[in-house]
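Worksheet: the structure to be examined is printed underneath.
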């Protein structure tokens with residue numbers, strides 16, 4: 001039997017995997033032109049790698065365990081940390097211009113919750129864009145990689161329990177089957193399931209939905225990371241007001257001008273990200289609003305010190321030297337996804353997952369800063385190593401035109417607002433039940449495949465959050481505000497198990 005590979009997704013994980021497969025032939029399906037629909041291109045941080053003198057993979061692993069809420073897979077995380085240096089060197093070989101000192105050594109910075117300076121960056125906050133630019137150029141120059149842009153995967157092709165390809169639609173509504181012995185999902189996260197997100201519209205949970213329909217196990221779906229200070233000016237995705245503003249002394253206030261974080265944590269505005277996000281969310285839900293006040297702390301220095309945020313505010317008619325900046329928490333990263341082995345294999349034969357769509361066990365309940373890009377390249381390389389040495393081109397079968405079913409934008413808005421209101425920063429049993437009712441109804445009546453796929457992915461998050469009766473990492477239940485030691489383990493659900501929870505909720509039992 002001949003072997004062939006199709007990669008679904010043109011972000012960092014997908015392109016890195018394709019490059020590591022070279023010179024073996026591979027086809028990459030990308031919904032948008034390369035670089036335009038990938039969350040990785042927007043990453044401002046960098047890649048965590050224990051490469052500096054005095055740092056070790058063991059220290060990196062310890063920091064990851066501390067951040068992960070007690071459910072990080074230590075063995076897999078240590079192996080990832082040990083491979084970090086080699087993967088960074090791979091990126092250098094592909095032309096990524098990481099910051100270096102005058103002696104030619106990598107400049108490494110420190111981020112929150114890291115015990116050492118281990119973040120490799122590009123021009124301070126341009127790592128994601130620079131990495132993607134370099135990888136796109138390398139991919140374009142590699143003859144063995146076929147990139148098809150403007151192609152949206154709709155479902156996985158299966159034969160019994162085995163995945164044998166992908167059914168996808170182009171921008172002219174032509175349906176095509178890409179038959180392959182192995183499918184690698186690199187479809188990104190779930191940000192667009194929320195009304196407020198920092199992610200592009202392509203991050204809509206499609207990979208989770210497709211994998212679940214094929215029978216794959218989805219892990220840790222309830223663990224969602226929110227950024228506390230997205231600028232609430234009606235843009236989708238929402239621009240960020242960097243945490244550095246609070247580091248410079250900016251405060252968080254409500255409509256009455258009251259600093260609400262003072263009562264919530266000893267570090268007030270500089271409390272951990274999840275605590276700040278909950279504080280902001282609570283003020284908004286109570287109708288008191290939430291704002292970032294930079295007038296005294298930064299004032300006239302704003303344009304020079306924070307030009308990106310300043311330009312964003314100006315474009316919305318806000319002068320941050322004189323005006324309050326409206327903020328709201330925004331979905332930022334998903335720790336959950338398709339359960340994979342240490343080699344990136346899903347529970348379905350022939351299906352692999354890498355990047356944010358995967359749940360490898362290295363993030364646990366809360367991602368450590370700059371581990372996401374590292375995870376993407378480490379597991380992309382592992383999948384490439386594990387795939388057959390001899391590959392043939394993907395078999396392409398045209399299925400003709402199949403006009404897309406138009407979706408109701410109001411239905412999508414309802415879905416996203418439901419997730420923000422009830423499956424967001426603060427969760428309750430009543431709110432989660434409301435979300436499950438609403439999402440189940442949308443999935444059943446949405447008709448358009450894009451909407452039903454979004455609802456299916458959203459239901460995994462909502463039902464996993466309903467089932468986890470505690471608070472841990474990115475999952476906070478105000479009715480169960482403490483962590484339960486008996487629940488210090490990862491969650492794992494199939495679609496059938498999610499359906500059983502939905503049935504229980506809908507029946508009121």
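Tell me whether segment 84-107 contains one or more residues that are touching a residue at least 40 places away in the same chain (Cβ under 8 Å), outside the structural domain of residue 476 (by TED's automatic domain parsing), part of a helix (DSSP H, G or I) and in contact with a helix residue (DSSP H, G or I) (Cβ under 6 Å, 6 or more places away or on another chain).
Checked segment 84-107: at least one residue is touching a residue at least 40 places away in the same chain (Cβ under 8 Å), outside the structural domain of residue 476 (by TED's automatic domain parsing), part of a helix (DSSP H, G or I) and in contact with a helix residue (DSSP H, G or I) (Cβ under 6 Å, 6 or more places away or on another chain).
Which residues, counting only those in segment 385-413, are closer than 30 Å to residue 74 by Cβ and surrounded by fewer than 22 Cβ atoms within 10 Å (Cβ to Cβ)? Steps first, please.
Pass one, segment 385-413, residues closer than 30 Å to residue 74 by Cβ: 385-387.
Within segment 385-413, 385, 386 qualify.
Among the residues of segment 181-193, are any farther than 16 Å from residue 10 by Cα, out of contact with any helix residue (DSSP H, G or I) (no Cβ under 7 Å at 6 or more places or on another chain), in the same structural domain as residue 356 (by TED's automatic domain parsing) and modelled with pLDDT of 95 or more?
No, segment 181-193 contains no residue that is farther than 16 Å from residue 10 by Cα, out of contact with any helix residue (DSSP H, G or I) (no Cβ under 7 Å at 6 or more places or on another chain), in the same structural domain as residue 356 (by TED's automatic domain parsing) and modelled with pLDDT of 95 or more.
Exactly one of these conditions fails for residue 369: (1) buried (at least 24 other Cβ atoms within 10 Å of the Cβ); (2) in the same structural domain as residue 62 (by TED's automatic domain parsing); (3) in contact with a strand residue (DSSP E or B) (Cβ under 9 Å, 6 or more places away or on another chain). Give me its number.
(1)
Just checking, which of 56, 77, 64 is at pLDDT 95 or above and crowded, with 21+ Cβ neighbours inside 10 Å? Don't jump to the end; show me each part of the working.
Numbers: 56 fails: crowded, with 21+ Cβ neighbours inside 10 Å; 64 fails: at pLDDT 95 or above.
Result: 77 is the single residue among 56, 77, 64 that is at pLDDT 95 or above and crowded, with 21+ Cβ neighbours inside 10 Å.
So, residue 177, is that one closer than 30 Å to residue 368 by Cα and surrounded by 16 or more Cβ atoms within 10 Å (Cβ to Cβ) or not?
Values: closer than 30 Å to residue 368 by Cα: no; surrounded by 16 or more Cβ atoms within 10 Å (Cβ to Cβ): yes.
Criteria not met by residue 177.
Which one of the conditions (1) closer than 22 Å to residue 382 by Cα; (2) part of a loop (DSSP other than H, G, I, E, B); (3) modelled with pLDDT of 95 or more does residue 71 fail to meet, given that it meets all the rest?
(1)
All but one of (1) outside any loop (DSSP other than H, G, I, E, B); (2) more than 22 Å from the chain's Cα centre (by Cα); (3) farther than 16 Å from residue 368 by Cα hold for residue 29, so report the exception by its number.
The single condition residue 29 does not satisfy is (2).
Tell me whether segment 306-316 contains one or more residues that are under 27 Å from the mean Cα position of the chain (by Cα), surrounded by fewer than 20 Cβ atoms within 10 Å (Cβ to Cβ) and under 30 Å from residue 375 (Cα atoms).
yes
Please determine, by comparing only the residues of segment 368-396 that are in contact with a helix residue (DSSP H, G or I) (Cβ under 7 Å, 6 or more places away or on another chain) and not in a helix (DSSP H, G or I), which one is farthest from residue 337 (Cα to Cα).
Checked segment 368-396; the qualifying residue farthest from residue 337 (Cα to Cα) is 387.
Which of the helices (runs of 4 or more DSSP H) found entirely inside segment 399-474 contain at least 3 residues meeting this: within 18 Å of residue 487 (Cβ to Cβ)?
Details: elements: 409-422, 429-445, 449-467.
Correct list: 449-467.
Yes/no per residue for (1) over 30 Å from residue 167 (Cα atoms); (2) surrounded by fewer than 22 Cβ atoms within 10 Å (Cβ to Cβ); (3) under 21 Å from the mean Cα position of the chain (by Cα):
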residue: 205; (1), (2), (3): no, no, yes
residue: 211; (1), (2), (3): no, no, yes
residue: 223; (1), (2), (3): no, no, yes
residue: 227; (1), (2), (3): yes, no, yes
residue: 231; (1), (2), (3): yes, no, yes
residue: 236; (1), (2), (3): no, yes, yes
residue: 243; (1), (2), (3): yes, yes, yes
residue: 262; (1), (2), (3): yes, yes, no
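The values are calculated or read from the model by the stated rules, or taken from the named source; none is laboratory data. Not measured: the values here are computed from a predicted model. Note that we place each Cβ from the backbone using ideal geometry, even for glycine, and neighbour counts take in every protein chain shown.
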